[in-house]
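The values are calculated or read from the model by the stated rules, or taken from the named source; none is laboratory data. Treat the numbers as computed from the prediction; the structure is a model and nothing was measured. Positions of Cβ are backbone-derived with ideal geometry, glycine not excepted, and every protein chain shown enters the neighbour counts.
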Amino acid sequence: MNILLLGSGGRESALAWKMSQSTLCTNLYIAPGNGGTPSYGTNVALSPMDFEAIDAFVAENGIDMIVVGNEDPLVAGITDFMAERRPGLPVVGPCKAGAMLEGSKDFAKRFMARHGIPTARYRSFTAETLGDGLSFLDELQPPYVLKADGLAAGKGVLIIDNIEQARDALREMLGGMFGKSSATVVIEEFLSGIECSVFVLTDGNGGYRTLPVAKDYKRIGEGDTGPNTGGMGAVSPVVFADETFMRKVDERIIRPTIDGLLSDGIDYRGFIFLGLINVGGDPMVIEYNVRMGDPETEAVMPRIESDLVALMRAAALGDLGDMRLDISPKACVTVMTVSQGYPGSYPKGHIIDIADDINSDTIIFHAGTARDADGRLVTSGGRVIAVSSLGNDTADALSRSMEGVAKIGFDGKYYRRDIGQDLLSL
Ligand code: AMP
Ligand code: GLY
């Protein structure tokens, strides 16, 4: 098969790495890809949002399947666009209606309420109902959780301790703090617990497979301190997501989600990302995303033993049948190396040096990397390279990733040394 993967981050590197190992994969194209993806296929200078150009590329290169890595094209309707232009072409990623689970938090909350899926108590407000929103804040206990309804590049959630600041934030959000994305604001009850990410691949006809569970580390500083980032690392598996917990996740969240999509008439073929929180042993949904997580994918892919291309194709064609998804019992720890200054402003264009004696249990996934005019590998983003290692357990995998990180050099390299450490004491 000739496969086109859309995206350019560490997630797409991990997907490309895994897909390129499939015997079904003849040619892999990555649009636009990054400085590392040419190891797995051919980079194509196309924006995932330029549907016309993607369609032309599909026609010219005999593409047999499209895999959508990031949410923006899904929310903008690439799957529906392709279904109209190229009926029958498998696309991994939901239709526009399904992508609303990530594209609108209000839609996601209404979906969960309709289908009895456990999530925080909430209400939604617009500028017209600001007064009601201020009263609702008074009913809640701090901290206050305010969410911009639409996509806000991961920045649309504010968690505020003080009621006056929460009231101000609501006014500012409804006043355009996140542009159109915060024209509606969801205010919800704060839930206390540890989070984890559960990924499900579904075929739109009730069939699904649950991928390895992961946990990501969002804060820049060790011990989960400092500002939020796109993700500083991830681990898989997650100790507390044991069989009992996962049975509850399956019964209370995954099945009702799959059944809810079916009964709402939403044709969802692709990955569902359940952002969950463990509240006293009971899973609740914090958010839905309609794609794989980054950096979770970098910790999940190395643990998948089955042919991912075969699974994705079956899902996109609408029938996972009895296909197996085998998972390695090993642990994987991903450590992200980032540019100095990230998540604030940071320099680009620093030369990256990667030693050639990387341990065989370690995989280097490029994220914000590019080639300069002279073909040298340089930094081009905040999150630069993810280092993932398999090990016998989390501690073992972490120490292998630490060795891997030491073999990557660029000016201002920063990373966390404590990825997964919090789980060791549970
Ligand atoms: P979201 O974009 O919805 O994932 O929110 C970003 C982060 O805010 C989540 O990963 C949680 O850490 C936190 N968060 C969101 N909603 C809640 C909530 N109701 N209670 C506690 N933390 C939350
Ligand atoms: N790691 C969280 C996300 O991909 O949204």
Fill in: Test result for GLY375, small (Gly, Ala, Ser), touching a residue at least 12 places away in the same chain (Cβ under 8 Å) and either out of contact with any helix residue (DSSP H, G or I) (no Cβ under 9 Å at 6 or more places or on another chain) or within 17 Å of ALA14 (Cβ to Cβ) (or both)
no
Discussion item. Considering only residues that are closer than 18 Å to THR369 by Cβ and either of a type in the set (A, V, I, L, M) or under 17 Å from the mean Cα position of the chain (by Cα) (or both), which ones fall in segment 12-27?
Written reply: GLU12, SER13, ALA14, LEU15, ALA16, TRP17
Discussion item. Anything in segment 290-312 that is within 16 Å of ligand 1 (Cβ to nearest atom) and in a strand (DSSP E or B)? List them, or say none.
Written reply: none
Worksheet item: Within the set of pairs 6 or more residues apart or between chains, which connect a residue that is over 15 Å from ILE3 (Cα atoms) inside segment 72-97 to a residue that is at pLDDT below 95 and among the hydrophobic types (A, V, I, L, M, F, W, C) with Cβ atoms less than 8 Å apart?
Response: ASP72/LEU151; VAL75/LEU151
Worksheet entry | From ASP418, ASP322, ASP374, residue being surrounded by 14 or more Cβ atoms within 10 Å (Cβ to Cβ), of a type in the set (Asp, Glu) and in a loop (DSSP other than H, G, I, E, B) | ASP418
Worksheet item: Of all residues in segment 1-17, which are crowded, with 24+ Cβ neighbours inside 10 Å, of a type in the set (A, V, I, L, M) and outside any strand (DSSP E or B)?
Response: ALA14, LEU15, ALA16
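Quick one: is ILE194 touching a Leu at 6+ places or on another chain (Cβ under 9 Å), closer than 30 Å to THR337 by Cβ and away from ligand 2 (no atom under 14 Å from the Cβ)?
Details: touching a Leu at 6+ places or on another chain (Cβ under 9 Å): yes; closer than 30 Å to THR337 by Cβ: yes; away from ligand 2 (no atom under 14 Å from the Cβ): yes.
So ILE194 passes the test.
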Worksheet entry | Total residues in segment 261-273, condition surrounded by 18 or more Cβ atoms within 10 Å (Cβ to Cβ) and more than 16 Å from ligand 2 (Cβ to nearest atom) | 4
Worksheet entry | Qualifying residues in segment 150-161 (those that are of a type in the set (Val, Ile, Thr) and within 10 Å of ligand 1 (Cβ to nearest atom)) - the one surrounded by the fewest Cβ atoms within 10 Å (Cβ to Cβ) | ILE159
Worksheet item: Could you list, in sequence order, the residues of segment 326-344 that are surrounded by 23 or more Cβ atoms within 10 Å (Cβ to Cβ), among the polar types (S, T, N, Q), more than 18 Å from ASP393 (Cα to Cα) and out of contact with any His (no Cβ under 8 Å at 6 or more places or on another chain)?
Response: THR337
Worksheet entry | Residue match in segment 285-299 (condition: more than 16 Å from ligand 2 (Cβ to nearest atom) and among the basic types (Lys, Arg)) | no
Practice prompt. Would you confirm whether any residue within segment 280-289 is within 16 Å of ligand 1 (Cβ to nearest atom), polar (S, T, N, Q) and within 28 Å of LYS96 (Cα to Cα)?
Written response: yes
Discussion item. Which condition from (1) surrounded by fewer than 20 Cβ atoms within 10 Å (Cβ to Cβ); (2) among the aliphatic types (A, V, I, L, M); (3) within 10 Å of ligand 2 (Cβ to nearest atom) is the one that ALA310 breaks?
Written reply: (3)
Worksheet item: Taking GLY281 and the conditions (1) under 13 Å from ILE194 (Cα atoms); (2) crowded, with 23+ Cβ neighbours inside 10 Å, which numbered condition does it fall short on, given that it satisfies the others?
Response: (2)
Worksheet item: Somewhere in segment 140-149, is a residue in contact (Cβ under 8 Å) with a residue 40 or more places away in the chain, surrounded by 20 or more Cβ atoms within 10 Å (Cβ to Cβ), within 12 Å of ligand 1 (Cβ to nearest atom) and not in a strand (DSSP E or B)?
Response: yes
Fill in: Tally of residues being in contact with a helix residue (DSSP H, G or I) (Cβ under 9 Å, 6 or more places away or on another chain), assigned to a strand (DSSP E or B) and within 15 Å of ligand 1 (Cβ to nearest atom) across segment 200-222
3
Worksheet, complete the sentence: Only unsatisfied item for VAL67, checking (1) touching a strand residue (DSSP E or B) at 6+ places or on another chain (Cβ under 8 Å); (2) assigned to a helix (DSSP H, G or I), is (2)
Worksheet entry | Subset of segment 250-287 (residues that are over 23 Å from ALA367 (Cα atoms) and aromatic (Phe, Trp, Tyr)) | TYR268
Worksheet item: In segment 94-139, what residues are of a type in the set (Ser, Thr, Tyr), crowded, with 19+ Cβ neighbours inside 10 Å and either over 22 Å from PHE178 (Cβ atoms) or out of contact with any strand residue (DSSP E or B) (no Cβ under 6 Å at 6 or more places or on another chain) (or both)?
Response: SER104
Item to complete: Look at segment 162-199 and say how many of its residues are buried (at least 21 other Cβ atoms within 10 Å of the Cβ) and part of a strand (DSSP E or B).
Response: 9
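Can you tell me which residue among GLY221, GLY206, GLY150 is more than 16 Å from ligand 2 (Cβ to nearest atom) and over 30 Å from ARG417 (Cα atoms)?
None of the others qualify; the one that does is GLY206.
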Worksheet item: What pairs can you find where one residue is in segment 229-248 and of a type in the set (D, E, K, R), the other is more than 16 Å from ligand 2 (Cβ to nearest atom), and their Cβ atoms are less than 9 Å apart, with a gap of 6+ or different chains?
Response: LYS248/GLY281; LYS248/ASP282; LYS248/PRO283
